[in-house]
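Written out below as structure tokens is the structure these notes cover.
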Amino acid sequence: MSEVNKLKHVAIIMDGNGRWANGRSHARIWGHVRGSSVVSNIVEEADDLGVKALTLYAFSTENWSRPLAEVTTLFKLLKKFLLKERKRIIKNQIRFKVMGDTSRLPQDTKDLINGLESETSNFKGLKLTFAFGYGGRQEIVDAVNAFTEKNPGEKLTEDVLTKSLYNPELGDVDLLIRTGGDQRISNFLLWQMAYAELYFTETKWPDFTRKEFRQILNKVNTRERRFGQICESISLLETSSMAEKNKKILESAMGK
Ligand code: FPP
């Protein structure tokens, strides 16, 4: 990477698996199988580039309405990932978590998740989170309910709501990448994405490479992020002469 990576929390909507498979006259689930093998490459690249948190949308609350065979395939791929990547996750000190409603997953997969979460809970490396059975609106509703149950009658603020989210330590999203060509955020990390940079690529997830991921981060790192303010150099230039000019402009606009 040519310069320091400033994007601490990167979130990805791994879209386009079904279309990738259909375009090759395969069943949609083949796209998920191929897509799941891309996940570990991107995790490794994110770690190499100094990303602190990587959150991947693996299964949304809306995905429950997909055909049973597809839902079951996604469950199986999650289990396979946990079995296959466990050693590498531990070796690289990655802190692993799943966020969302996992209650309908098979018990053996839930056990694998719980095991890996507790084994890695004190690791200081990349925070890898799979959003599974996850919906951004549901997360906000859960955060509000958690807060009001604990603090009846108290007023909610942005700060306390942020602290009541599923994984507040992940912080705001700096960059959302969506593969597959659609330009939507699809109920993903709605609260955390308020000031995220958005990047949409036509590449379907099974074709997404470490190289493209690195190029996207390089490009977005050069964007100026103002968070609703003006750029730093201008605010520093706001000298008394500029303030005087502004006063005159305002007076003439107000007809004084
Ligand atoms: C969207 O593609 C993708 C998903 C619904 C699931 C993403 C899952 C994976 C990448 C594999 C699972 C991997 C692990 C490790 C859990 P789509 O089916 O909506 O594609 P389409 O828009 O072309 O139909």
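Details
- Flag for ILE216 being at pLDDT below 90, β-branched (Val, Ile, Thr) and more than 16 Å from ASP172 (Cβ to Cβ): no
- In region 91-111, the residues that are touching a residue at least 60 places away in the same chain (Cβ under 8 Å) reach residues that are part of a strand (DSSP E or B) and of a type in the set (Lys, Arg) with C-beta atoms within less than 9 angstrom, at least six apart or across chains, in these pairs: LYS97/LYS127.
- Within region 167-183, being crowded, with 18+ Cβ neighbours inside 10 Å and either within 16 Å of the ligand (Cβ to nearest atom) or not β-branched (Val, Ile, Thr) (or both) holds for LEU170, ASP174, LEU175, LEU176, ILE177, ARG178, THR179, GLY180.
- Test: residue in region 144-164 that is part of a helix (DSSP H, G or I) and closer than 28 Å to ARG214 by Cα: no
- Search result, residues across region 33-68 that are within 17 Å of PHE81 (Cα to Cα) and aromatic (Phe, Trp, Tyr): TYR57, PHE59
- Enumeration of residues in region 50-105 that are on the phi > 0 side of the Ramachandran plot and either near the ligand (Cβ under 9 Å from one of its atoms) or surrounded by 14 or more Cβ atoms within 10 Å (Cβ to Cβ) (or both): GLY50, GLY100
- Scanning region 173-208 for residues that are outside any strand (DSSP E or B), free of Cβ contacts under 8 Å to residues at least 24 places away in the same chain and over 30 Å from VAL144 (Cα atoms) returns a single hit, GLU202.
- When we screen ARG28, ARG19 for residues that are within 7 Å of the ligand (Cβ to nearest atom), out of contact with any helix residue (DSSP H, G or I) (no Cβ under 6 Å at 6 or more places or on another chain) and in contact (Cβ under 8 Å) with a residue 40 or more places away in the chain, the only hit is ARG19.
- Unique match (being part of a helix (DSSP H, G or I) and in contact (Cβ under 8 Å) with a residue 60 or more places away in the chain) among GLU62, GLU85, GLU70: GLU62
- Number of the condition not met by GLY153 [criteria: (1) under 21 Å from ALA53 (Cβ atoms); (2) loosely packed, with under 12 Cβ neighbours inside 10 Å]: (1)
- Residue list for region 73-120, filter: over 21 Å from the mean Cα position of the chain (by Cα) and of a type in the set (A, V, I, L, M, F, W, C): LEU83, ILE90, LEU105, LEU112
- Any hit, region 36-47, residues being near the ligand (Cβ under 9 Å from one of its atoms) and either touching a Pro at 6+ places or on another chain (Cβ under 6 Å) or of a type in the set (A, V, I, L, M, F, W, C) (or both): yes
- For region 16-49, residues that are in a loop (DSSP other than H, G, I, E, B) and buried (at least 22 other Cβ atoms within 10 Å of the Cβ) total 1.
- The listed residues are ALA131, ALA143, and the only one of them that is more than 13 Å from the chain's Cα centre (by Cα), crowded, with 17+ Cβ neighbours inside 10 Å and at pLDDT 95 or above turns out to be ALA143.
The values are calculated or read from the model by the stated rules, or taken from the named source; none is laboratory data. What you see is a predicted model; the values in this text were computed from it and never measured. Positions of Cβ are generated from backbone atoms using ideal geometry, with glycine treated the same way; all protein chains shown enter the neighbour counts.
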